Amino acid sequence: MEVVLVPAFADNYIYVLRDDASGKVGIVDPGDAAPVIAELDRRGWTPTHIFLTHHHNDHIGGVAELKARYRPTVIGARADAHRIPDLDVALGEGDRTVFGEQAVRVFAVPGHTSGHIAFWFEGADALFPGDTLFALGCGRLFEGTPEQMWDSLVQLRALSDPTRIYCGHEYTLSNARFAVTVDPENAALRARADEIAALRERGEPTIPSTIGVERRTNPFLRADDPAVQAAVGLPGATPERVFAEIRSRKDHFRG
């Protein structure tokens with residue numbers, strides 16, 4: 001499966017997908033129709049599916065225009081059906097759908113929003129977590145609790161190391177600057193922070209990441225690691241308590 005990154009707004013990523021076997025074309029979280037239409041026209045593609053991870057306008061703002069133009073099937077969260085217009089297929093935890101020859105599994109991942117879902121394209125080993133999991137970060141808790149978000153991240157963390165992560169925003173440089181403040185002895189993290197700085201200096205994206213890389217370097221996935229617990233002054237605390245502390249620090253981080 002081919003995945004095309006389409007930048008939008010200041011730091012969003014919209015994704016255009018093409019299943020090689022069937023030729024089906026999908027769009028993930030089109031907050032803005034214009035850059036998607038431009039990319040589709042450039043490639044001569046017509047979308048058949050739209051996948052939505054949550055209801056925020058920077059992820060669904062372009063749906064109405066795209067649906068009117070191409071008539072794709074719009075797939076999103078059952079729990080957010082009342083907040084997502086133009087929804088055709090409503091899915092929840094453990095549900096499965098298909099995209100061409102690709103099997104797609106849905107994870108319910110509340111925290112950033114109460115109805116947030118993630119899509120895992122099993123054959124391509126590609127995860128689209130929206131704003132739940134970022135490279136070296138996670139989403140703010142606008143509607144959920146630290147306990148919910150930790151449980152959501154643990155679900156995603158359990159996927160295989162090679163799983164590619166296509167998250168909703170290019171926040172990685174800021175996330176790296178924060179991560180080293182709460183996990184200062186992590187050599188893999190320090191090396192990754194240097195790599196990220198070099199990529200952004202060249203204007204290149206830091207996405208996709210992988211589950212294996214995030215498991216080793218993302219402090220939000222390591223709240224049950226004794227080294228991280230000690231680094232934030234909470235040795236032996238529950239992962240949920242440690243996660244809440246890390247998330248609170250990130251909310252107030254300026255760097």
Determine the relative contact order of segment 168-228: mean sequence separation of Cα pairs under 8 Å and six or more apart, normalised by residue count, in whole percent.
-> 35 percent
Dipole of segment 142-227 (Lys/Arg Cβ +1, Asp/Glu Cβ -1, origin at the Cα centre): which of Thr145, Val213, Ala197 lies farthest to the positive side?
-> Ala197
Over the chain, what is the relative contact order in whole percent, taking alpha-carbon pairs under 8 Å and six or more residues apart?
-> 13 percent
Using r as the Cβ-Cβ distance of Val98 and Asp20, and R0 as 22 Å, what FRET efficiency do you calculate, to the nearest 0.05?
-> 0.90
P(r) of segment 210-255 over all Cα-Cα pairs, binned every 5 Å from zero, in whole percent | 5, 24, 29, 22, 15, 4
For segment 76-132, what relative contact order do you get, as a whole percent, if you take Cα pairs closer than 8 Å and at least 6 residues apart?
-> 26 percent
With viscosity set to 1.306 mPa s and temperature to 10 °C, compute the Stokes-Einstein D of segment 58-179, Rh being the Kirkwood radius across alpha carbon pairs; µm²/s, no decimals.
-> 105 µm²/s
How many percent of DSSP beta bridges within segment 113-255 run antiparallel, rounded to 5?
-> 70 percent
Just tell me the longest site-free run in the chain, where the sites are trypsin sites (Lys or Arg not before Pro) in a DSSP loop having at most 15 other beta-carbon atoms within 10 Å.
-> 1-139
What is the helix-to-structure angle for 146-157, meaning the angle in degrees between its Cα long axis and the longest Cα principal axis of the chain, kept from 0 to 90 and rounded to the nearest 10?
-> 70 degrees
Compute the Kirkwood hydrodynamic radius of the chain, taking the inverse of the mean of 1/r over all pairs of distinct Cα atoms, and give it in Å to one decimal.
-> 18.4 Å
What is the helix-to-structure angle for 33-43, meaning the angle in degrees between its Cα long axis and the longest Cα principal axis of the chain, kept from 0 to 90 and rounded to the nearest 10?
-> 70 degrees
Accessible area in square angstrom per residue, segment 63-167, 1.4 angstrom probe | 38 Å²
Stick to the Cα atoms of segment 1-70, pair each with every other, and give me the Kirkwood hydrodynamic radius in Å at one decimal.
-> 11.9 Å
Pairing the Cα long axis of helix 172-182 with the longest principal axis of the chain, what angle in degrees results, from 0 to 90 and rounded to the nearest 10?
-> 20 degrees
Quick one: length gained pulling Ala227 to Glu147 fully straight, 0.36 nm per residue minus the C-alpha distance?
-> 26.8 nm
Taking every DSSP beta bridge that has both residues in segment 10-168, what percent is antiparallel when rounded to the nearest 5?
-> 60 percent
Over what distance in Å are the Cα centres of segment 186-255 and segment 93-170 separated?
-> 17 Å
Could you give the length gained on full extension between Phe253 and Thr46, defined as 0.36 nm per residue of separation minus the Cα-Cα distance, in nm?
-> 70.3 nm
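The values are calculated or read from the model by the stated rules, or taken from the named source; none is laboratory data. In this text the structure is predicted, and so the values were computed from the model without any measurement. FYI the Cβ positions are ideal-geometry reconstructions off the backbone, even for glycines, and counts take in every protein chain you see. All accessible areas refer to the heavy atoms of the entire protein, side chains included, with ligands and DNA or RNA removed. Shrake-Rupley method; radii C 1.70, N 1.55, O 1.52, S 1.80 Å.
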